[in-house]
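The numbers here are math on the coordinates, done by the rules we state, and not lab data. Here the structure is a predicted model, which means the values were calculated and not measured. Here the Cβ positions follow ideal geometry from the backbone for every residue, glycine too, while neighbour counts run over all protein chains shown.
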């Protein structure tokens, strides 16, 4: 079958997420498998050029993964008509300007989240993209996690009956840096550099909630900076100015029109006593389920046990054994890679694609609503956005 080339400008892929998930586990993996297969059987082979500020670091990364093209001149890369896609995983503050520049250069654009630090910027770049006639997308990788795909299968099968509530628990202990080495970059804890739990994670939770559980209608949120001092990559202490935890309740309208309550707990200052770094516990009238990143277990209405509350007697039930695993019925590929393949097909053969920049703007909307709720200590409505 014929193979066609697709030139991709990849900006900001020396960072942890850009390098590991987008470059190595997505584009490099796609190249190793022989490209992306189109609906007619033809192949598309990504041909990336890596662009960044540090020439030495960019060159080393390119050589390590058998990528022939790299450079530090973004304007020159955007001027090349042979490269038709621009991808950004750099800083959130710069993202709207970079996307706008790429769109003016008539490039299709794809980017990490958040697509901007403010709702105004997010809506503006989404409008520019919509009017351009070019293809555009934002990362929504959590939708492709095996655990959430199994959970969604239960939902589509009607397993839950009327969905009642979701309890999301996310987080782990991020080392402060004085005793053990940090495992997240220090900018994550500086608001002036685009850090913060709410900005980082509410964008994810918006598309997860909207797609799997129900449209977000309102939210109340309390943020916190539990660890006020941390140590950076050079071992120097600094003041944490961004929130490292958030505790929220969201009101949703479920897919059947019924209300769903979502509790969202997220923290980089918690020690894990659950099955994974994130769990999604869903309760419904006909059944419940708990999903992790990769697994999902369920308990139906007829298999629900009858516990009895008695604080004077040691609990004899092993509740974790009363759930049934949802089996793997297919091979689950890397979620970032799957969405890259969807976007490439969207660019090349106009395949349907729903994870656009307006969807990314909805994530920033939930961020601002959560921050406003924290500031004003009240529920904040989340109205439909207009593009």
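Tabulated data
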item	result
Potential extension, residue 226-residue 55 segment - 0.36 nm per residue separation minus Cα distance	57.8 nm
Förster-model FRET efficiency, 56 Å R0, residue 316 and residue 65, C-beta, rounded to 0.05	0.55
Ranked list, fewest to most other Cβ atoms within 10 Å of each Cβ, for 207, 353	353, 207
On Cα atoms only, tilt of 146-156 relative to the major axis of the chain in degrees	60
Candidates 76, 291, 102: whichever shows maximal mean-square fluctuation once the chain is modelled as a Gaussian network with Cα springs under 10 Å	76
Chain lengthening between residue 338 and residue 20 when straightened (0.36 nm per residue, less Cα-Cα)	113.0 nm
Stokes-Einstein D (µm²/s) once Rh is taken as the Kirkwood radius of the range 76-167 over alpha-carbon pairs, at 10 °C in 1.306 mPa s	104
The range 211-263-the range 357-387 distance, computed between alpha-carbon centres (Å)	12
Rg(Cα)/(2.2 N^0.38 Å) for the chain, N = residue count	1.04
Likely footprinting exposure, 373, 39, fewest C-beta neighbours within 10 Å first	39, 373
Point-to-point label distance, residue 302-residue 350, nm (Cα→Cβ direction, 7 Å offset)	4.9
Relative contact order, percent, the range 303-387 [alpha-carbon distance under 8 Å, six or more residues apart]	14
Estimated FRET transfer efficiency when R0 is 35 angstrom, pair residue 281-residue 79 (beta carbons, to 0.05)	0.10
Cα-based helix-to-principal-axis angle, 119-132 vs the chain, degrees rounded to 10	50
Net lengthening on full extension, residue 192/residue 272 (0.36 nm per residue, minus Cα-Cα)	25.9 nm
The chain: angle of helix 335-349 to the longest principal axis, Cα-based, in degrees nearest 10	50
